[in-house]
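Structure first, then comments.
The values are calculated or read from the model by the stated rules, or taken from the named source; none is laboratory data. These figures come from a predicted structure and were not determined experimentally. Cβ atoms come from the backbone with ideal geometry, glycine included; neighbour counts cover every protein chain shown. Ligands, DNA and RNA are excluded from the accessible area calculation, which covers all protein heavy atoms including side chains. Shrake-Rupley method; radii C 1.70, N 1.55, O 1.52, S 1.80 Å.
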Amino acid sequence: MINLRRIDLNLLVTLDVLLAELNVTRAAERLHISQPAVSVHLAKLREALDDPLLLPGPRGMRPTARAESLREPLREALESLTRAVAPAAPFEPANADLTWRITATDYTESTIVLPLMQRLREEAPKTRLAVYDLVPSRLSRQAEQGSIDVVFHTTENAPEGLRRKALFTERYVLVGRRGHPKLKRRPTLTQFCELDHSIVSQDGGGFHASTDDALAAMGMSRRVVFSVPHFLFLRAALAGTDLVAMAPERLVRDDPALQLMAPPIDLPGFEISMYWHERVHRDPAHRWLRETIASVV
């Protein structure tokens, strides 16, 4: 067996040209190297392959049986290698037949994935989009293994080892159903604390959130009576009851059943970013997807 590590790729390129030209001078001209350099390459090939490969003939050189058997396989191998290392072709979304894989919470499904889906149907109608539940502990490994392409996550406590682009900064607003009797005007802080509040507890069953920490710092507390695991269920609950909530503005601002206002308490917002692995950073198709995501939020 030939040890491929002993053979310089340039030698195989030289052999391919020599087999096409059967002339050292013409091969040197095509390769843009000197005739002695071609002769040196040929000598190394003869030693590596243990065959004379090209012999003097009446009209130049003639290949040995071994060289003749190499002609087509070598040409095909070099063409395949050239295609493999060639620059990626420009991405054409209209003709693309791909499946994108995204992880998201129900909040980012509503604020990012829905507008993204509309754009994909318009510009890349042959592609498919799969959305997976976001499990923070698995994100870095999933991205590395290629089972997901893009992650939507808060910048705080973000997955490690991934590239990032900030998409937007979110703020909290006070939300209740349209016509809520206690939200005819912005409530005072005391009135705010007396309302029946609902929260999203992603860990399940919790009745404490960052709003409660901010109130506790002022020696106050509110009444939290309803805890749900998902933002979208929270929105439905607000529309059908007199509950109120501190909710991300983008989630509720376009819902005609809800009204929102600035709360009487200053609560820090959060930043949403998208993350991806280095393995797809330069891929034209993935770059197009990321640019499209950034343009729809």
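Mean shadow of segment 4-85, computed from the convex hull of its alpha carbons, in nm²?
Working: hull surface 21.6 nm².
Dividing the Cα hull surface by four gives the mean projection, 5.4 nm².
Just to be sure I understand: of the beta bridges DSSP finds with both ends in segment 1-133, what percent are antiparallel, rounded to 5? Walk me through the numbers before you get to the answer.
Numbers: 4 of 10 bridges.
So the antiparallel bridges in segment 1-133 amount to around 40 percent.
Taking only the alpha-carbon positions of segment 175-297 and ignoring solvent, what does the Debye formula give for the base-10 log of I(q)/I(0) at q = 0.13, 0.19, 0.20 Å⁻¹?
-0.62, -1.03, -1.11
Order 145-156, 52-63 from most to least packed using the mean count of other Cβ atoms within 10 Å. Let's see the in-between values first.
Working: 145-156: 17.7, 52-63: 13.2.
Result, highest mean first: 145-156, 52-63.
Mind ordering 195-202, 210-217, 288-295 by average Cβ neighbours within 10 Å, highest first?
Numbers: 195-202: 19.4, 210-217: 14.1, 288-295: 16.9.
Those peptides, ordered most packed to least, come out 195-202, 288-295, 210-217.
Which value in nm describes the separation of the simple spin-label points at THR241 and GLN145, placed 7 Å from the Cα toward the beta carbon?
3.9 nm
Per residue, what volume in Å³ does the Cα convex hull of segment 33-76 take up? Write down the numbers at each step before the final one.
Details: hull volume 4.1 nm³, N = 44.
Normalising the Cα hull of segment 33-76 by residue number yields 93 Å³.
Run the simple label-point estimate for ALA166 and ARG62 please: 7 Å along Cα→C-beta, distance reported in nm.
Computed distance between label sites ALA166 and ARG62 equals 7.5 nm.
Which length gain, in nm to one decimal place, applies between ARG30 and ASP8 when the Cα-Cα distance is subtracted from 0.36 nm times their residue separation?
Residue separation times 0.36 nm, minus the Cα-Cα distance, leaves 6.1 nm.
Quick one: of the DSSP bridges fully inside the chain, what percent are antiparallel, nearest 5? Please report the intermediate quantities before stating the final value.
Details: 23 of 38 bridges.
Close to 60 percent.
Each residue of segment 182-187 in order: what ³J(HN,Hα) in whole Hz does its phi give by Karplus 6.51 cos²θ - 1.76 cosθ + 1.60, θ = phi - 60°, with x for Gly and Pro?
9, 10, 5, 9, 4, x
Sort 19-32, 125-138 for me by packing, meaning the mean count of neighbouring Cβ atoms within 10 Å per residue, highest on top.
19-32, 125-138
With an 8 Å Cα cut-off and a minimum separation of 6 or more residues, compute the relative contact order for segment 172-268 in percent.
Values: 163 pairs, mean separation 47.1, N = 97.
Rounded, it is 49 percent for segment 172-268.
Report the extension gain between GLU47 and THR127 in nm, rounded to one decimal, defined as 0.36 nm multiplied by the number of residues separating them, less their alpha carbon distance.
23.6 nm
What does the helix-only formula give at 222 nm for the chain: each DSSP H stretch with n ≥ 4 adding -39500 (n - 2.57), the total divided by the residues, and the result rounded to the nearest 500 deg cm²/dmol?
Details: 11 runs with 115 residues, N = 297.
Calculated from helices alone, the mean residue ellipticity at 222 nm is -11500 deg cm²/dmol.
What are the ³J(HN,Hα) couplings of segment 219-234, residue after residue, when phi is run through the Karplus curve with 6.51, -1.76, 1.60 and θ = phi - 60°? Round to Hz, x for glycine and proline.
x, 10, 8, 10, 9, 9, 10, 9, 10, 10, x, 9, 5, 5, 5, 4
Taking all pairs of different Cα atoms in segment 37-194, averaging 1/r and flipping that mean, what Kirkwood radius in angstroms comes out? Don't skip to the end; give the middle numbers.
On the way: mean 1/r = 0.0439 Å⁻¹.
About 22.8 Å for segment 37-194.
Assuming a viscosity of 0.692 mPa s and a temperature of 37 °C, what translational diffusion coefficient in µm² per second does Stokes-Einstein assign to the chain, Rh being the Kirkwood radius over Cα pairs?
Diffusion coefficient, whole number: 133 µm²/s.
Using a cut-off of 13 Å between alpha-carbon atoms, which aspartates and glutamates can reach LYS126, once sequence neighbours fewer than 8 places away in the same chain are excluded?
Output for LYS126: GLU92, ASP97.
Less than 15 Å Cβ to Cβ from GLN35, Lys/Arg counted +1 and Asp/Glu -1: what total charge do the surrounding residues give?
0
Would you mind working out the accessible area per residue for segment 38-134, using a 1.4 Å probe, and quoting it in Å²?
I get 61 Å² per residue for this part.
Between the helical axis of 284-296 and the dominant principal axis of the chain, each derived from Cα atoms, what acute angle in degrees is found, rounded to the nearest 10?
Compared with the principal axis, the helix lies near 20 degrees.
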